[in-house]
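J.: The structure that follows is given in the form of structure tokens.
Taken together, the values in this text are just the output of simple stated rules run on the coordinates, not laboratory data. Keep in mind it's a predicted model, so treat the numbers as computed, not measured. Cβ: placed from backbone, ideal geometry, glycine included. Neighbour counts: every protein chain shown.
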Amino acid sequence: MGAHTLIPRPRLFTTADGEFTMHGSVAVSAVPDARDAVALLTERLWAGARIRVDVVDQTPSKISFITDATVAAETHLVDVTSSAVTITAGDAAGFLHGTTTLLQLMGDGIWRSVSAITRVITIPACHIEDEPAFAWRGLMIDVARHFLPVREVLRIIDLMAMHKYNRLHFHLTDDQGWRVEIRAFPKLTEVGAWRYRTQVGAADATAPEIDRPHGGFYTQQDIVEIVAYAASRGIVVVPEIDLPGHSQAAIAAYPELGVPGPDGEPPLVEVFPRWGISQYPLNAETSTVDFFRVVLDEVLALFPSVDIGLGGDEVPSGPWEADARSRELTRERGLTHPRELQFWFLDQLRSHIEQRGRRMMAWDEVLEHEVTPDVTVLGWRGDAGVGEALRRGIPVVACPDNRLYFDYRQSDDPREPIPVGVVVGLREVFEFNPIPDWATPEQAAFLRGAQANLWAEHLEDARSRDYMLWPRASALAEVLWCGPGGNFDEFKQRLDVHLRRLAEQGVEYRRAAGPLPWQERPGVSGRIQEQDERQREIDDLTSAIVR
């Protein structure tokens, strides 16, 4: 194994003569910051080769983890000789990344759950220096549309760590389900976590529904486990509570949160069984804002992430415009139109979490309003949101739908399961550049990084998510760690080896030839769009949000 097998590709890789050999046991010494890295190494060596790690005090040892305070965050150096291995870093994340690199150098078998025999592991002598190109390297996992049990979330975290991702954006609430326990308001999960029908196929009025209940939620103990496990793999979990639209599940649980109907009564709705945008936003009463202040206080206690997602996207203003009380609130608050209640609502909760040392993250619809630089924007509507945020000096994470929505179809092959949106293939992901070519260095400094978004309307289980994530997420990992502009053909050569690692972990990734028979969904309708059509929509959006 060598540099030609590593994903992401290291910045500097030099070879040397010889190789380091392990069999039976190996002595390891480590600084405190390397505790999680040693645990990962111990786990993989025992499972994949039946090699026991003996932690010793003396330094150097056979494998040594050494601190260098001059090394930047997440940066790491790996030195392998015939007699010893040294991983040098300045923080826990750097040690974890260095260990991941070392594991990839160990060859086939190291990622399997168990080895039947004690194996000999050899690592080629080399020197590696590596650091990330972007600070935010993320995946957004939607568990609101289709719930994922804890074990599958932890599995995704392991796969992210293998690729040196560092942000899991956890989309916990939407119209179709509320997935996090809030002890102050138990009906959010008693009612809001369950739906009794589900649309099958793309988001149009003719798509059928099946009468099969779906649901689930994470207890607060589950969340503590997920957050701690992610931290042990160098990943920050960023929660999202989507407001004030995409909230029908919350309104189903507590109808008083919704906009009253023509009769003045709260809306009595079920958890939304269909895809698309619900026409039931939250009302803008102070009592509703107070409700979500309590919700967010519990969320903040569970998630140490500085960034907290508050949504702010796709909010229908029609119910506010039709409601006399909402129009009255608009006037009382000095707003010019009921649609501005969307931004008033977000501002109240932004202020609330900022007082607790956190920072609002929201989708790029917030750029249609005044936004301060203490907010991070998720630029999802093509390049329109990213570009406008950079022009205004607003921190932004690039996740353009036409390049990084991993629920979108991967080719024009008619066998693609439930084909949605434009084609976002492996090459399109690999050739993505998060930084617009027109951006000055000063503007580009506001780009925090990028993430792929995996919406789950059509992804019922872990197997279907595997197909949509991998190996596209391997290509994005390469871009975000190494920077854009790599050689795609050279990447594919390394990917051929890397796919064996994914297979060892049981990942049912998409083959280059297309879906395997059990990955298809024959007879289930999609919603196809072409790139030029989507680009025209993005151009219209640009004119809408540019101030």
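J.: Along Cα→Cβ, 7 Å out, is where each label goes; now give me the distance between the ones at D540 and R50 in nm to one decimal.
T.: 6.4 nm
J.: Turning to a different aspect of this structure: Residues with amide H under 5 Å of M140's amide H, sequence separation 5 or more or different chain, H placed in the peptide plane at 1.01 Å from N; which?
T.: Counting only residues 5 or more places away or on other chains, the set is H169, A452, N453, L454.
J.: What nm distance separates the two modelled labels at F488 and R427, each placed 7 Å from Cα along Cα→Cβ?
T.: According to this spin-label approximation, the distance is 0.4 nm.
J.: Next question. What is the list of residues in segment 206-248 whose amide nitrogen lies under 20 Å from a point 7 angstrom out from the Cα of D158, following Cα to Cβ?
T.: 222-237
J.: In addition: Efficiency by 1/(1 + (r/R0)^6): what FRET value for R331 and Q531, r their Cβ-Cβ distance, R0 = 35 Å, to the nearest 0.05? Could you put the intermediate results ahead of the total?
T.: Values: r = 44 Å, r/R0 = 1.25.
After rounding to 0.05, the efficiency reads 0.20.
J.: OK, next. Could you sort the peptides 524-532, 388-396 by per-residue average Cβ neighbour count (10 Å cutoff), highest mean leading? All intermediate terms of the calculation are to be shown ahead of the outcome.
T.: Values: 524-532: 14.9, 388-396: 21.4.
Most protected by this proxy first, the peptides run 388-396, 524-532.
J.: Run the numbers on the chain and let me know its relative contact order in percent, using alpha-carbon pairs under 8 Å that are six or more apart.
T.: On the way: 1208 pairs, mean separation 79.2, N = 547.
Once normalised by length, the contact order is 14 percent.
J.: Still on this structure, please answer the following. What FRET efficiency do you get for W518 and H23 if R0 is 30 Å and r is their Cβ-Cβ distance, rounded to the nearest 0.05? Write down the numbers at each step before the final one.
T.: Details: r = 39 Å, r/R0 = 1.30.
FRET efficiency, W518 to H23: 0.15.
J.: If I take every Cα pair under 8 Å that is 6 or more residues apart in segment 27-74, average their sequence separation and divide by the length, what percent do I get for the relative contact order? Before the final figure, lay out each step's value.
T.: Values: 44 pairs, mean separation 27.1, N = 48.
Relative contact order here is 56 percent.
J.: Please list 63-74, 240-251 highest first by mean number of surrounding beta-carbon atoms within 10 Å per residue. Before the final figure, lay out each step's value.
T.: Numbers: 63-74: 16.8, 240-251: 27.1.
Result, highest mean Cβ count within 10 Å first: 240-251, 63-74.
J.: Just to be sure I understand: if I project the alpha-carbon convex hull of segment 395-447 onto a plane and average over all orientations, what area do I get in nm²?
T.: Values: hull surface 16.6 nm².
With the hull built on Cα positions only, its mean projection is 4.1 nm².
J.: Now, a different point. So, in nm, how far is label T286 from label E314 when the simple model puts each one 7 Å beyond its Cα toward the Cβ?
T.: 3.3 nm
J.: Same structure, new question: Given 0.36 nm per residue, what is the gain on full extension from Q279 to Q505 after removing their alpha carbon distance, in nm?
T.: Numbers: separation 226, 0.36 × 226 = 81.36 nm, distance 4.14 nm.
Taking 0.36 nm per residue and subtracting the Cα distance, the gain is 77.2 nm.
J.: Please compute the Kirkwood hydrodynamic radius over segment 441-507, one decimal place, Å, based on all pairs of different Cα atoms. Mind dumping the intermediate values first?
T.: On the way: mean 1/r = 0.0717 Å⁻¹.
After inverting the pairwise mean of 1/r, the radius is 13.9 Å.
J.: Using only Cα atoms, tell me the angle between helix 35-49 and the longest principal axis of the chain; keep it within 0 to 90° and round to the nearest 10.
T.: The angle comes out at about 70 degrees.
J.: Which order do the peptides 510-519, 347-356, 151-160 take when ranked by the mean count of other beta-carbon atoms within 10 Å per residue, highest first? List each step's numbers first, then the result.
T.: Numbers: 510-519: 13.3, 347-356: 16.5, 151-160: 18.5.
Result, highest mean first: 151-160, 347-356, 510-519.
J.: Please list the non-local residues whose amide H lies under 5 Å from the amide H of G514, H modeled 1.01 Å from N, same-chain partners needing a gap of 5 or more.
T.: For G514, no residues qualify.
J.: For segment 410-456 and segment 237-259, what is the centre-to-centre distance using only Cα atoms, to the nearest Å?
T.: If we compute the Cα centre of each part, the gap is 28 Å.
J.: To continue, here is another question. Take the alpha carbon atoms of segment 148-171, find their center, do the same for segment 302-351, and report the distance between the two centers in whole angstrom.
T.: Here the answer is 31 Å between Cα centres.
J.: Can you give the direction-averaged projected area of the convex hull of the alpha-carbon atoms in segment 105-215, in nm²?
T.: Working: hull surface 50.4 nm².
Hull-based average projected area comes out at 12.6 nm².
J.: While we're looking at this one, here's another question. What ³J(HN,Hα) values, in whole Hz, does the Karplus curve 6.51 cos²θ - 1.76 cosθ + 1.60 give for segment 355-363 when θ = phi - 60°, with x put for Gly and Pro?
T.: 5, 9, x, 10, 10, 6, 10, 8, 6
J.: Next question. Using only the Cα atoms of segment 325-374, each taken as one equal point scatterer with no solvent, compute I(q) by the Debye sum, divide by I(0), and report log10 of the ratio at q = 0.21 Å⁻¹.
T.: -0.78
J.: Counting pairwise Cα distances across segment 187-249, what percent come out greater than 19 angstrom?
T.: Values: 1055 of 1953 pairs.
Beyond 19 Å sits 54 percent of the P(r) for segment 187-249.
J.: Give or take rounding to whole Å, what are the principal axis extents of the alpha carbon atoms in segment 3-130, in descending order?
T.: For segment 3-130, the Cα extents along the three principal axes come out at 42, 33, 25 Å.
J.: I need the calculated FRET efficiency for the pair Q221 and R463, taking r as the beta carbon distance and R₀ as 41 Å, to the nearest 0.05.
T.: Numbers: r = 27 Å, r/R0 = 0.65.
The pair Q221/R463 has a calculated efficiency of 0.95.
J.: With no solvent and one equal point scatterer per Cα, compute the Debye intensity ratio I(q)/I(0) for segment 471-522 at 0.25, 0.27, 0.28 Å⁻¹ and report its log10, rounded to two decimals.
T.: Treating every Cα as an identical point scatterer, log10 I(q)/I(0) equals -1.05, -1.14, -1.18.
J.: So, one more: What number in nm² do you get for segment 136-545 if you take the convex hull of its Cα atoms and divide its surface by four?
T.: Working: hull surface 77.6 nm².
Its average projected convex-hull area is 19.4 nm².
J.: Another one. Residue by residue, what Karplus-based ³J(HN,Hα) values in Hz, rounded to whole numbers, does segment 522-530 have, using 6.51, -1.76 and 1.60 with θ = phi - 60° and x for Gly and Pro?
T.: Along segment 522-530, the couplings run x, x, 9, 6, x, 8, 8, 9, 9 Hz.
J.: Starting from the eigenvalues of the Cα gyration tensor, five times each then square-rooted, give me the equivalent ellipsoid semi-axes of segment 269-423, largest first, whole Å.
T.: Numbers: eigenvalues 163, 87, 58 Å².
Output for segment 269-423: semi-axes of 29, 21, 17 Å.
J.: Still on this structure, please answer the following. For segment 81-134 and segment 1-74, what is the centre-to-centre distance using only Cα atoms, to the nearest Å?
T.: Segment 81-134 and segment 1-74 have Cα centres spaced 5 Å from each other.
J.: Kirkwood hydrodynamic radius for segment 175-282: how many Å is it when counted over pairs of different Cα atoms?
T.: Working: mean 1/r = 0.0659 Å⁻¹.
Value: 15.2 Å, from the Cα pair sum.
J.: Another one. Rounding to the nearest 10 and keeping the result within 0 to 90°, find how far the Cα-based axis of helix 92-104 lies from the longest principal axis of the chain.
T.: Relative to the chain, helix 92-104 is tipped by roughly 60 degrees.
J.: Then there's this: Take the Cα of A322, step 7 Å along the line toward its Cβ, and report every residue of segment 246-282 whose backbone nitrogen sits under 15 Å from that point.
T.: 258-269, 278-282
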